[in-house]
1. Roughly how big is the chain's charge dipole about its Cα centre, with Cβ charges of +1 (Lys, Arg) and -1 (Asp, Glu), in debye to the nearest 20?
2. For Ile259, what is the net charge nearby, where nearby means another residue's Cβ is under 12 Å from its Cβ and Lys, Arg count +1, Asp, Glu -1?
3. Measure out, as a whole number of angstrom, how far apart the alpha-carbon centroids of the stretch 148-217 and the stretch 47-124 sit.
4. Using Cα-only point scatterers and the Debye equation, what is log10 of I(q)/I(0) for the stretch 99-153 at each q in 0.21, 0.22 Å⁻¹, rounded to two decimals?
5. Each residue of the stretch 17-27 in order: what ³J(HN,Hα) in whole Hz does its phi give by Karplus 6.51 cos²θ - 1.76 cosθ + 1.60, θ = phi - 60°, with x for Gly and Pro?
6. Please list, in chain and number order, the residues 5+ apart from Tyr64 or on another chain whose amide H is under 5 Å from its amide H, with Hs placed from the backbone.
7. Considering only protein heavy atoms, what per residue accessible area in square angstrom results for the chain with a 1.4 angstrom probe?
8. Would you work out what percent of the accessible area of the chain, with all protein chains in place, is carbon or sulfur (probe 1.4 Å)?
Amino acid sequence: MAQIGYLRPLVHTPSDPVDYYARLDEQQIALNQHLGKTIRITFLNEKACCHCGQKIKKTYNHGYCYKCFIQLPENDLCIVKPELCHFHAGTCRDPQFGEHQCMQPHIVYLALSSDIKVGITRKSNMMKRWIDQGAVRAIPFLEVPDRKTAGEIEVHLSGFIKDKTNWRKMLKNETSGRDLMEARAELLDKLPAGFRSYLISEPELYEFRYPQLSVPEKVNSLSLDKEAEIHGKLIGMKAQYLIMDTGVFHVRKHTGYKIAFEL
Ligand SMILES: [Zn+2]
């Protein structure tokens with residue numbers, strides 16, 4: 001049966017394995033039970049902004065119209081470069097957003113998705129962030145009062161450890177055997193004295209298992225910009241990807257695309 005609507009990012013809950021849902025507008029479609037079955041995604045030649053609903057030809061920053069891209073605080077440069085947060089200068093695109101999203105406790109974490117990497121997230125968003133990146137293990141490293149401080153620490157630590165995930169390795173389950181607590185111990189020495197008071201002394205280790213029938217041989221990315229119809233046997237979900245025997249489909253990148261989804 002086909003469901004029709006505008007695609008939204010995958011929704012997930014941190015059970016074991018992670019429970020995944022596709023979202024079309026407000027309707028959620030449970031995916032785990034469809035592993036091993038053929039799915040079909042057909043682009044219906046329409047795109048709409050995920051924020052204001054305006055019909056558009058091209059999406060910006062995964063799902064937005066150009067106006068929302070240049071006006072909304074969630075699309076500002078400081079979201080990808082948090083050390084550039086300018087809330088204190090009084091120039092936040094939306095101070096209320098800044099208050100709720102950025103001037104809140106943040107976590108600097110270490111996570112293993114391909115290699116061990118450093119990253120930051122709002123504390124209340126920790127689990128979602130890790131699953132969105134396909135982390136198999138993660139530990140909170142420091143807890144800081146706001147996003148800017150987290151960004152500054154991340155920039156500093158990225159001189160010693162990766163801050164990016166290799167998505168091909170992540171999807172093929174090719175993860176480094178390195179221990180997170182060991183990496184933490186090594187990074188402790190690199191931490192400037194001014195940041196030490198933020199250290200989480202006995203961090204909990206979080207582990208995630210993803211619904212996967214097998215490790216994909218092909219991790220070529222399937223795009224609705226290249227082909228109007230994508231289909232294949234669903235063999236797994238990880239991060240924001242649907243993994244099929246024909247390739248991998250990054251759902252978030254297609255936010256705002258009107259599709260028919262057949263299970
Ligand atoms: Zn818009």
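1. The calculated dipole for the chain is roughly 760 debye.
2. Working: positive: Arg8, Arg23, Arg40, Lys47, Lys258; negative: Asp25, Glu46, Glu229, Glu262.
It works out to a net charge of +1.
3. Computed from Cα coordinates, the inter-centre distance equals 21 Å.
4. At q = 0.21, 0.22 Å⁻¹ the computed log10 ratios are -0.68, -0.74.
5. Values per residue, Gly and Pro as x: x, 4, 9, 10, 9, 8, 10, 10, 6, 9, 8 Hz.
6. Long-range HN contacts for Tyr64: Cys50.
7. Details: 12990 Å² over 263 residues.
Per residue, the chain has 49 Å² of solvent-accessible surface.
8. Result for the chain: 49 percent of the exposed heavy-atom area is carbon or sulfur.
The values are calculated or read from the model by the stated rules, or taken from the named source; none is laboratory data. These figures come from a predicted structure and were not determined experimentally. Glycine also receives a Cβ, built like all others from the backbone with ideal geometry; neighbour counts cover every protein chain displayed. With ligands, DNA and RNA removed, areas are computed over all heavy atoms of the protein, side chains included. Shrake-Rupley method; radii C 1.70, N 1.55, O 1.52, S 1.80 Å.
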